[in-house]
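The values are calculated or read from the model by the stated rules, or taken from the named source; none is laboratory data. Source: prediction; values computed, not measured. Cβ placement follows ideal geometry from the backbone for every residue including glycine, while neighbour counts extend to all protein chains displayed. We work out accessible area using only protein heavy atoms, side chains counted, and drop any ligands, DNA or RNA first. Shrake-Rupley method; radii C 1.70, N 1.55, O 1.52, S 1.80 Å.
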Amino acid sequence: MLEIPDVIKGILILICVFIPLEKVLALHQQNLFREGWLTDLCYYFSGYFIGKGTIQILIVFSLLSQGSIPMLSRFVSQQPLSLQVVVSILIGDLCFYFAHRLLHTVPWLWQFHAIHHSSTHIDWLATVRVHPFEQIFTKACQMIPLYWLGFSTEALVIYAIFSSAIAFFIHANIRIQFPILKLLIATPEFHHWHHDRNPKISNKNFAVQLPIIDYIFGTWHMPQGETPTKYGSKLNIQTSYLNHLIYPFK
């Protein structure tokens, strides 16, 4: 019997979960095959292999340097799995927060990140529109500290699954709110403001898992009873995978 590759299984699961959700709970009415969907599909398949390769490289790199803080590594690895997962989410998103701010404030890094912000329609598939350089950069910023600190393999696997799942969730074109938990867990209501076409607004909400980090550092933005209406950036980036790849080097 022919086995379905994991990359195909992944896209089928995402389609079965998010397309019905976006139809029933749509925030903005938009076509299923909206502008740029084929480009984003290319990003999905290329990003799968780039992300998998990056993780393997980071594991080797981290194992070679993990002994630099052996006492801390032993202490962390001996903690209960549930505590390791919670702390790994906190540390991982804190590291991502600062890496994300750099992507917005350092001009040459913004040339890569601008591609993610080029989406004029935000939905679950827009999640994957990330330049390979940015994917490697942010993944390294998130994962290397966790490897160095000695979190168990089980904790890192759970963190990786959670990180991937919430990334698709916060980009989804769905109208859902958590009034009580809005500072504790990232939602589409929170993250969609980060993709607002207005640069003053898109330079907010840098965290992707724990909005309280933005609240602490003064970059939290979620007006009561309002939703963003225009997405994208002012940069003229053609909707083509190859054009995106070379754009930062022009």
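Taking region 156-168 as the range and being among the hydrophobic types (A, V, I, L, M, F, W, C) and either closer than 23 Å to V76 by Cβ or open to solvent by 50 Å² or more (accessible area, probe 1.4 Å) (or both) as the test, the residues that pass are L156, V157, I158, A160, I161, F162, A165, I166. Filtered by the rule that a residue be more than 17 Å from A99 (Cβ to Cβ) and of a type in the set (A, V, I, L, M, F, W, C), region 113-146 gives I122, W124, L125, A126, V128.
Filtering region 193-208 down to residues that are buried (at least 22 other Cβ atoms within 10 Å of the Cβ) and not aromatic (F, W, Y), which residue is farthest from Q30 (Cα to Cα)? Within region 193-208, the match that is farthest from Q30 (Cα to Cα) is A207. In region 74-87, the residues that are in a helix (DSSP H, G or I) form Cβ pairs under 6 Å with partners that are acidic (D, E), at six or more places apart or across chains, as follows: L81/E154.
Quick check: is even one residue across region 150-171 under 23 Å from M222 (Cα atoms), over 11 Å from the mean Cα position of the chain (by Cα) and among the aliphatic types (A, V, I, L, M)? Among the residues of region 150-171, not one is under 23 Å from M222 (Cα atoms), over 11 Å from the mean Cα position of the chain (by Cα) and among the aliphatic types (A, V, I, L, M), which makes the answer no. Selection of region 54-82 for residues being at pLDDT below 70 and either surrounded by 14 or more Cβ atoms within 10 Å (Cβ to Cβ) or under 17 Å from the mean Cα position of the chain (by Cα) (or both) yields T54, I55, L58, I59, F61, S62, Q66, I69.
Does region 233-246 contain at least one residue that is assigned to a loop (DSSP other than H, G, I, E, B), closer than 23 Å to H131 by Cβ and hydrophobic (A, V, I, L, M, F, W, C)? Scanning region 233-246 turns up at least one residue that is assigned to a loop (DSSP other than H, G, I, E, B), closer than 23 Å to H131 by Cβ and hydrophobic (A, V, I, L, M, F, W, C). Among helices (runs of 4 or more DSSP H) entirely within region 93-202, having at least 2 residues that are more than 25 Å from S233 (Cα to Cα) and free of Cβ contacts under 8 Å to residues at least 40 places away in the same chain singles out 153-171.
Can you tell me which residues in region 209-218 are within 24 Å of V128 (Cβ to Cβ) and either open to solvent by 20 Å² or more (accessible area, probe 1.4 Å) or among the hydroxyl-bearing types (S, T, Y) (or both)? Listed by number, the list holds a single entry, L210. Considering (1) at pLDDT 90 or above; (2) open to solvent by less than 50 Å² (accessible area, probe 1.4 Å), the lone condition that A140 does not fulfil carries the number (1). Going by what's in this entry, would K23 be described as open to solvent by 50 Å² or more (accessible area, probe 1.4 Å) and at pLDDT 85 or above? Considered against the rule, which asks whether it is open to solvent by 50 Å² or more (accessible area, probe 1.4 Å) and at pLDDT 85 or above, K23 comes out as yes. Among what's in region 220-250 and is touching a residue at least 60 places away in the same chain (Cβ under 8 Å) and touching a Pro at 6+ places or on another chain (Cβ under 9 Å), pick the residue that is nearest to F178 (Cα to Cα). Step by step, filter region 220-250, then rank; the result is S233.
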